[in-house]
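Written below as structure tokens is the structure these notes are about.
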Amino acid sequence: MKGLVSGIKRMEIHDGDGLRTTVFFKGCPLKCVWCHNPESISFEKQIAYFREKCRHCGACREKRDENAAARCPVNALTVYGREYEPEELVNEVTQDEPFFRAGGGGVTLSGGECLAQPDFAVEVARLLHEKDVSVYVDTCGFVPRRTLERILPFTDRFLYDIKAVDPAVHKACTGQDNALILDNLRFLSDAGADIEIRVPLVVGFNEKEIPAIGALLKDMPGITKVKVLRYHNLAASRYEALEMENTLPPSDTAAEDVERAVFALADCGLNAVNGTMAD
Amino acid sequence: MTERQQKLMDFALQHVPFDGERDVLKADCDIAIHLLENCEITVPAANRFMVRVDVRTICDEVQKERYYAVKKLVWDPAYADAMEAKLYFGTYDFGHTSACWEDVISLGIFGLRQRIESYREKAGNDPAKLRFFREIARVYDAALRFTKRAADAARKAGRDEMADGLSHLACGAPTSLYEALQTVILYYVLQQYFDGTRLRTLGRLDTLLYPFYEKADKDGVPVMLLDFMHEIDRFHADANMPFALGGTNADGNDLVNKLSYLLLDAYRKAGTHCTKLHLLISKNTPRNIVENGLAAVREGNNSIVFMDDATVITSLENLGEDHADAVNYHVVGCYECGGAGEVTCSCSTRVNLPKALEMALTGGRDLLTGKQIGLANDGVFETFDDFFREYLRQVENACGNAMICTDLCEENYGKMHAAPILSATYVSALEHGGDLYCDYSAKYNNSSVNALGLATATDSLAAIRKLVYEDRTLTLAELTGILRNNWEGQEILRLTVKNKFPKYGTGDKAVDAIAVKTVDHLAAFVNGHPNKKGGVYRLGLFSIDWRWKFGEMTGASADGRLAGETISQNTGASFGADRNGPTAHLLSVASLDGTRTPNGAIVDLDLHASAVRGENGLRAMTATLMTFFALGGFCVHYNVLDTETLKKAKSDPDAYPNLQVRLCGWNVLFSSLSEKEKDEFIARSEAAGRSA
């Protein structure tokens, strides 16, 4: 069984307690207009070309394939998407295990949507759990209920995105309806999961949703934290390098907007905190 | 220089000439006494504890002149070209000492003077010993008269607190926290400016001062400590003046106490940049003081060095030091540790590992000048192991020659320098009845070798293994030709090697193994190698600012580095090679055996400000540190860099007068760096940002 991973980041401190290693699974069922990980939207391998790094040395022989990327001396051509066997990935992401132990850290499965490669994600989580490594699952929730049921026993915490409560707003932002997402959240809550909600705040798209999100979450058991993520328009160069249509909203969300949202959510009795999407 | 200072200098320089007969101890005592009696004393308004004197550089000049005189006698031109080419370097060093601070604080200057008498009585009729006691007693008498004179000056200036303290210290041991702090500064001035022996640590202030703290009025303590920090800073000590907190005692108990927190607090508040702090961390050190230290680093106070107590102690015991001495070690200067009673000669011998590798490739010919400075070879090495052995042979040769150059100086210390003020603090010197330098009377008289550019050499060896012995893209001779031409016309290959080849500092075990073997080999060669002072050599792995000069003199290297570029810093990865971030970087460095580098091994960890934000950021920093120590690491220094701030500070230095960075073994103001150095820091912060 192989899975496709777009990147691994060590010493991540923004995904929760301690020092974590985050795996970005490749491929996502949503298409959020503000997506800041465009390399993890497609389920296929991609070759990115970073024009500003290119020395025009000719090592690629003007090709845009994996071999050319391997030859590029400055990584102006970069392959996004590497296949791993579950054990291989687990070995790779547990190199920092001594650091996890000291700081209450572990591994975060993220993406893209990690649960969009369900068999692979469940197996990786199971192996990590078996090694007594903490597993966080960062999910958009737009996945079959069965997948959540399968990964639940091996997950220490869900990092669960809520972008909008109003289905029309959700569809406009992500291209999909949110009924499944909200159902799944209720399921996890009922199942006793530890859930940290992530709300990417993108002014002009979903800032009006905050009261509804507060109302949705306020009495839901298991919600330990609600993190409002400040949107930054920082991913443009990767859209260009991947020759993908850049849908990024042009203006950053202001810090005051985030503070206001945090305040409103805290007013609902939630443990609301400030975060940033650049994390 | 004022007329008065010129006269003092003239007096001192008259006592320099070395005619083979002159009694250096007597000459240096005469200089010290003359300066103590004739220096100008002023009372700066800002100082709370001590007056100011105007004799800062005189003793340095004396030492330099003596060195030139000795060099004429003993210099061996056989080593000149290689020293010039920075393959290695060996010289004298009177610059890395700690006083026996326990005795200084418990006895005071007055008590140290009294103690001389008790040892003089035991010396019998030995004329050499009697002469030693007579001379140092003369100096201490002058030091006490100077203390009285300083007290009078303070009184005249209306500074009663300072005057009362100094008056008392002229005739007794310190009795209060104020007087203990005053003793620290008074002693500092005496040794630094009149003994001419650079003092490079104020000792473990928390443990030393605790008995006085217990008796003190607690309300006044924070302000007093803050005043102390500011006053130390105003000495503008070269390469900063360190003090230490923490450590353990002989029973293994951690020594952090209430005063440790207060001193750290004062240090944070003072925001000074000429004082640095060694935090000595054991497995029982309270986590919150480690976090306080890291929080200070995160605020931009990056002059704190975190040292693993257990590793340091083991490294000194491995050299044969007694447990009680090893436990009570001091850190002099940057990272050099010496056991109690040890006078270290920390920084006088250096070996350039990338240059030694150059020697292996060229058969000993300098790539830049063509001169024969290393060992000849026939250039044929069938396997990588054969080539690696040749590299180690060149390293050993460079190392051996460097030690010979240092030996030439060190066997002549009797003609170069006496340290009467410092010697009286060492029980071993009093028991021996001789000077620490002239007579090598310390309990441990060790010397050191620092190996520079470990990562540059390791990455180059890894590249040679891949290019020549695995992929067989090039022969060794072809590669050497490319390096001789400074990679000209080979930019694709150079960038490929630089950006895509395996590197030390990424957690790649196969590459780390090269560094480990190099260090193990060096340790076996250096540690315990007898010196000319009755002690041994010890290995260190720091390169501080020498890496620039040594890099300038080093030809292109197989890791993709161009000729003249800086070589790698301390035990860390080559610049930009820590591709997998700080944790992988630390895993590589932790593969080196810290217990075999008693002279110090430090890794500089560059973290981007965004990577250590918030409570969790602090927890993560603490996790990196404690894990590195649990894995056997020696010492870590953090730079928390924020690209935007550095860029703004470069374009508008006036707006950021206090921004500090750690240049090498000490802190500097960013505004004082050269443009080249500023650019390197900006590039480093960008790299840290990419991995953040």
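Find the residue count for region B:382-392, including only residues that are within 17 Å of B:Thr458 (Cβ to Cβ) and more than 27 Å from the chain's Cα centre (by Cα).
7
Just wondering, is there one or more residues in region B:442-465 that are among the acidic types (Asp, Glu) and within 14 Å of chain A (Cβ to nearest Cβ)?
The answer is no, given that none of the residues of region B:442-465 is among the acidic types (Asp, Glu) and within 14 Å of chain A (Cβ to nearest Cβ).
Might you check whether a residue that is over 20 Å from the mean Cα position of the chain (by Cα), within 14 Å of another protein chain (Cβ to nearest Cβ) and touching a residue at least 12 places away in the same chain (Cβ under 8 Å) occurs anywhere in region B:516-526?
no
Looking at this structure, is A:Pro118 out of contact with any His (no Cβ under 6 Å at 6 or more places or on another chain), surrounded by fewer than 23 Cβ atoms within 10 Å (Cβ to Cβ) and not assigned by TED's automatic domain parsing to the domain that holds A:Ala191?
No, not satisfied.
More than 23 Å from B:Ala429 (Cα to Cα) and part of a helix (DSSP H, G or I): which single residue out of B:Ala180, B:Ala128 fits that description?
Exactly one of B:Ala180, B:Ala128 is more than 23 Å from B:Ala429 (Cα to Cα) and part of a helix (DSSP H, G or I), namely B:Ala180.
Is it the case that A:Glu92 is surrounded by fewer than 20 Cβ atoms within 10 Å (Cβ to Cβ), under 20 Å from the mean Cα position of the chain (by Cα) and more than 10 Å from chain B (Cβ to nearest Cβ)?
yes
For every residue, the table says whether it meets (1) assigned to a loop (DSSP other than H, G, I, E, B); (2) of a type in the set (A, V, I, L, M, F, W, C); (3) under 26 Å from B:Ala78 (Cβ atoms).
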| residue | (1), (2), (3) |
| --- | --- |
| B:Ala402 | no, yes, yes |
| B:Gly414 | no, no, yes |
| B:Ala429 | no, yes, no |
| B:Ala455 | no, yes, no |
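Here's the yes/no breakdown for (1) assigned to a strand (DSSP E or B); (2) in the same structural domain as A:Cys60 (by TED's automatic domain parsing); (3) in contact with a Gly (Cβ under 6 Å, 6 or more places away or on another chain):
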residue	(1), (2), (3)
A:Arg10	yes, no, yes
A:Gly18	no, no, yes
A:Thr21	yes, no, no
A:Phe24	yes, no, yes
A:Gly27	no, no, yes
A:Leu30	no, no, no
A:Cys35	no, no, no
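State the number of residues belonging to region B:113-139 that are out of contact with any helix residue (DSSP H, G or I) (no Cβ under 9 Å at 6 or more places or on another chain) and polar (S, T, N, Q).
1
Where in region A:65-137 are there helices (runs of 4 or more DSSP H), lying wholly inside it, with at least 2 residues that are modelled with pLDDT of 95 or more and of a type in the set (A, V, I, L, M)?
So the answer is A:66-71, A:86-93, A:118-130.
Where the second residue is of a type in the set (Lys, Arg) and the first is over 30 Å from B:Asn352 (Cα atoms) and lies in region B:89-116, which pairs have Cβ atoms under 8 Å and are six or more apart or on separate chains?
B:Trp101/B:Arg204; B:Asp103/B:Arg115; B:Leu107/B:Arg115
The rows are residues; the columns are (1) within 14 Å of chain B (Cβ to nearest Cβ); (2) under 12 Å from A:Gly81 (Cα atoms).
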site: A:Met1; (1), (2): no, no
site: A:Gly7; (1), (2): yes, yes
site: A:Phe24; (1), (2): no, yes
site: A:Cys28; (1), (2): no, no
site: A:Trp34; (1), (2): no, no
site: A:Asn37; (1), (2): no, no
site: A:Glu44; (1), (2): no, yes
site: A:Ile47; (1), (2): no, yes
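For the condition within 14 Å of another protein chain (Cβ to nearest Cβ), acidic (Asp, Glu) and on the phi < 0 side of the Ramachandran plot, what is the one hit in A:Glu113, A:Glu130, A:Glu85, A:Glu97?
Answer to the check: A:Glu97.
What tally of residues in region B:418-433 results from selecting those that are of a type outside the set (D, E, K, R) and surrounded by fewer than 23 Cβ atoms within 10 Å (Cβ to Cβ)?
The number of residues fulfilling the criteria is 4.
Checking A:Arg55 against (1) under 22 Å from A:Tyr136 (Cβ atoms); (2) more than 20 Å from the chain's Cα centre (by Cα), only one condition comes out false. Which one?
Among (1) under 22 Å from A:Tyr136 (Cβ atoms); (2) more than 20 Å from the chain's Cα centre (by Cα), A:Arg55 violates only (1).
What's the number of the condition B:Ala687 fails, among (1) at pLDDT below 80; (2) part of a loop (DSSP other than H, G, I, E, B)?
Here B:Ala687 meets the rest and fails (2).
When you go through B:Ala451, B:Ala463, B:Ala477, B:Ala457 one by one, which is the residue that is in contact (Cβ under 8 Å) with a residue 40 or more places away in the chain, touching a Gly at 6+ places or on another chain (Cβ under 8 Å), hydrophobic (A, V, I, L, M, F, W, C) and under 30 Å from B:Tyr537 (Cβ atoms)?
Of the residues listed, the single one that is in contact (Cβ under 8 Å) with a residue 40 or more places away in the chain, touching a Gly at 6+ places or on another chain (Cβ under 8 Å), hydrophobic (A, V, I, L, M, F, W, C) and under 30 Å from B:Tyr537 (Cβ atoms) is B:Ala451.
In region B:328-358, how many residues are modelled with pLDDT under 90, in contact with a helix residue (DSSP H, G or I) (Cβ under 9 Å, 6 or more places away or on another chain) and among the hydroxyl-bearing types (Ser, Thr, Tyr)?
1
Is there a residue being within 21 Å of B:Gly572 (Cβ to Cβ), in contact with a helix residue (DSSP H, G or I) (Cβ under 9 Å, 6 or more places away or on another chain) and among the hydroxyl-bearing types (Ser, Thr, Tyr) anywhere in region B:469-490?
Within region B:469-490, not a single residue is within 21 Å of B:Gly572 (Cβ to Cβ), in contact with a helix residue (DSSP H, G or I) (Cβ under 9 Å, 6 or more places away or on another chain) and among the hydroxyl-bearing types (Ser, Thr, Tyr).
Hey, could you check region B:494-515 for residues that are over 18 Å from B:Leu562 (Cα atoms) and outside any loop (DSSP other than H, G, I, E, B) and say which is farthest from the other protein chains (Cβ to nearest Cβ)?
Only one residue fits best here, namely B:Ile514.
Picking from B:Ala609, B:Ala577, which residue would you name as being more than 24 Å from B:Ala451 (Cβ to Cβ) and either at pLDDT below 95 or hydroxyl-bearing (Ser, Thr, Tyr) (or both)?
Result: B:Ala609 is the single residue among B:Ala609, B:Ala577 that is more than 24 Å from B:Ala451 (Cβ to Cβ) and either at pLDDT below 95 or hydroxyl-bearing (Ser, Thr, Tyr) (or both).
With respect to B:Glu615, determine if the residue is surrounded by fewer than 20 Cβ atoms within 10 Å (Cβ to Cβ), away from chain A (no Cβ under 14 Å) and free of Cβ contacts under 8 Å to residues at least 40 places away in the same chain.
no
The values are calculated or read from the model by the stated rules, or taken from the named source; none is laboratory data. None of these values were measured; they are calculated from a predicted model. Positions of Cβ are backbone-derived with ideal geometry, glycine not excepted, and every protein chain shown enters the neighbour counts.
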